[in-house]
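The values are calculated or read from the model by the stated rules, or taken from the named source; none is laboratory data. These numbers were taken from a predicted model, which means no experiment stands behind them. We place every Cβ from the backbone using ideal geometry, glycine too, and count neighbours over all the protein chains shown. Protein only, heavy atoms only, side chains kept; ligands, DNA and RNA dropped before computing areas. Shrake-Rupley method; radii C 1.70, N 1.55, O 1.52, S 1.80 Å.
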Amino acid sequence: MDRGCVPVLCNPIGLAVWPSDLWEVQHNSRFFSQGDCLMFLRRIRGIFSNDLSIDLGTANTLIYTRGQGIVLNEPSVVAIRQGPGGSKSVAAVGNEAKQMLGRTPQNITAIRPLKDGVIADFTVTEKMLQFFIHKVHESRIIRPSPRVLICVPCGSTQVERRAIKESAAGAGAREVFLIEEPMAAAIGAGLPVDEARGSMVLDVGGGTSEVAITSLNGIVYSNSVRIGGDRFDDAITAYVRRNYGALIGEVTAEHIKYEIGSAYPGGEMREIEVMGRNLAEGVPRSFTLNSNEILEALQEPLSGIIEAVKTALEQIPPELGADVAERGIVVTGGGALLADIDRLLEEETGLPVLIADDPLTCVARGGGHALETTNERSLDLLAMTE
Amino acid sequence: MSTYLIPSREDDTTMGPVDSPGRRLRIARQSRGLTQERVAQELHLHPTMIEALEHEDYKSLPEPVFVAGYVRKYARLVGLAPEPLVAAYGAAPARVRTDTAVRAGHRRTGVSHLTVGLVGLGILLLVGVLTFLWRQYQRPDLGLETTAAAEVGREAAVSDMLDKIPEPELSAFLTDLEDLLADQETGQSPEPGSDPETAQPQPPTTDGTTAAVGTQPTGVAQDTAATIAGKSGAIEVSFNGPCWADVRDSEQKHKLFGKMEKGDHYVLEGKPPHAFILGNAAAVQVTVRGKPLDLSTVSRGNVARFTLDADGRIR
């Protein structure tokens, strides 16, 4: 029997058959396997689901829905409650769980399942994705089974990509595509990725910073360094410990970064009063930090990012380098919100550096646009799915 | 350099509206005594880009993301509020390309919603048709007569019988009945084992014949009905309480199906043997040719399952 006819038989209501489906079916040894039936059911459920683009970030998870824009922006935090018999259940996800971070009793653990842009805890990530997918479909009666595009760091390994893909499939996705974060960021920022012109994007995320040069719907050069918002927080915590002999938590460090964090000197001096545990006395004490101190604290991680950008400029072909020099580097991601990061990069590279509009959502929006235009652009953008 | 500091009148005419963003930038730059070259150097841009920005020459400017970035930096440099200027540049034709892309996405979404709507409608119709068919299937063709219907049928049968009895026989019967009544009036007790209905005292009537005619059909009807029941092997089912029943004939047609209530009485027809399932056997009395059946032998946990053959025997 010609196995080529299987998709037609499995597809009585005329849904689109993707090339990847054909591949899967042709490699299936049985005619109507359990997998086919499950896939068919998922397709039925998929009619009632929206296609999603997920920016599964270390710090925040964003979901973009076709036609609706960003529908979810919550911290990638899950609180796990341990029952009396050792059974674990999800206590909270997202904003609610982030409030618990560092403030949990013994039976609850608030964890961040992603580290450095990749999955650190597979099961918890799956639960978190499941929660978020359901949240954006909460008015639906039928369990959602959407097509999902997930952004992955360009430096992630095949094993890490497989883990993300399977995690999304386990969370109920009917089809999972992966796209490299800088490509999604470039599309989301509005760079001309389809032109024969080099466009450089720097995405400073929670766990990683990605730098890439795109041209003709492809990535010419990309590099990922495991420096991001988390490293900034760690640097602030270490600085406070070293200079004030006080211990501050993850949330406080992040708050300091938002309030008075700066990447380049010369701006307005700002101050913040924070509470930390004095290591010598063992009791909480308050002290005042200013923006110059934070600038000093952030020097080490910032230099790592600058180094990555400089290396990229060294590595790319001269034609593309000229394009970048003419137009500039676009910065996206949460790190772009750090004050004067553009000025720092400008001074270091001598090129114009621009912050994208709404840099936090660029990756998710770019993924969404890629998903919307997948048919038109074929699978060029998603060529790295397998 | 002086040409940049002191703009000519020609420059003013080519600048467009007075409050255009390019003109505002240029005026702010000039008021600070900066040249285009100086600004370009500060912003790490080519001077032609600064000129294009001031002249709002969108053909020479790159994509909106870059323009927004340049304008922000330029505005900050010359001490203007960046966001209104960025918005003013954003409203210009340079954004057409992005808008088209977004519109294409929306069009696809519209088609997708239409598909979802049609598929949803189809599913609803399918569910409706299936429900209708299921109900049709679940409604059994009982072929039963209720108690009232049975009574009407019986009366019709009695009147037919009366018509069939020849006139001499009828008058002889009436004479016998008159004799019997006369005996009762004289104080003679009725014979033991005689029909209680006929033994009941009749109300005194002025016209004996009319009375006799009035009483006659009952006896005949009883006999006739008994004969009919005896011949056809009629099965009667009476319910003294709520009970779930499933009775089918040999052709597997439902004769009784569903929950029966107290006081229901049915006479079964159809081709024997009948298969019975009675949910509350204690509340049911099954009578075959007037003889009640003992259901306790076929009950298990108050549920009776049995088959009644043509002779009225339980199998």
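One table, with the values for the structure above:
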{"quantity": "Shape call, the stretch B:251-299: gyration tensor on alpha carbons, a/c limit 1.5", "calculated": "rounded"}
{"quantity": "Straight-distance crosslink candidates among lysines, where the alpha carbon sits under 26 Å from residue B:262 and sequence neighbours closer than 8 are dropped", "calculated": "B:253, B:291"}
{"quantity": "With all protein chains modelled, accessible area of residue A:362 [1.4 Å, Å²]", "calculated": "0"}
{"quantity": "Whether the stretch B:47-93 is rounded, prolate or oblate, judged on the alpha carbon gyration tensor where a/c under 1.5 counts as rounded", "calculated": "oblate"}
{"quantity": "The stretch B:71-82 - phi-based ³J(HN,Hα) in whole Hz, Karplus 6.51/-1.76/1.60, Gly and Pro as x", "calculated": "5, 4, 5, 4, 4, 5, 5, 9, x, 9, 6, x"}
{"quantity": "A:252, A:65, reordered so the largest accessible area comes first (probe 1.4 Å)", "calculated": "A:252, A:65"}
{"quantity": "Normalised contact order of the stretch B:227-315, rounded percent, pairs of Cα under 8 Å and 6 or more residues apart", "calculated": "31"}
{"quantity": "Set of lysines near residue B:259 by C-alpha distance (under 23 Å), chain-local residues within fewer than 8 positions excluded", "calculated": "B:271"}
{"quantity": "Other-chain or far-sequence residues with amide H under 5 Å of residue A:110's (modelled H)", "calculated": "A:80, A:102"}
{"quantity": "Accessible area, probe 1.4 Å, largest first, for residues B:238, A:167, B:250", "calculated": "B:250, B:238, A:167"}
{"quantity": "Derived scalar couplings ³J(HN,Hα) [the stretch A:213-226; Karplus, 6.51 cos²θ - 1.76 cosθ + 1.60; whole Hz; x for Gly, Pro]", "calculated": "10, 10, 6, 6, 6, x, 9, 7, 9, 8, 8, 10, 10, 7"}
{"quantity": "Pair residue A:238, residue B:265: separation of 7 Å Cα→Cβ label points (nm)", "calculated": "9.8"}
{"quantity": "Residue B:32 accessible area, assembled protein chains, probe 1.4 Å, Å²", "calculated": "140"}
{"quantity": "Rounded accessible area of residue B:253 (nearest 10 Å², 1.4 Å probe)", "calculated": "90"}
{"quantity": "Heavy-atom accessible area ranking, 1.4 Å probe, most first, across A:157, B:297", "calculated": "B:297, A:157"}
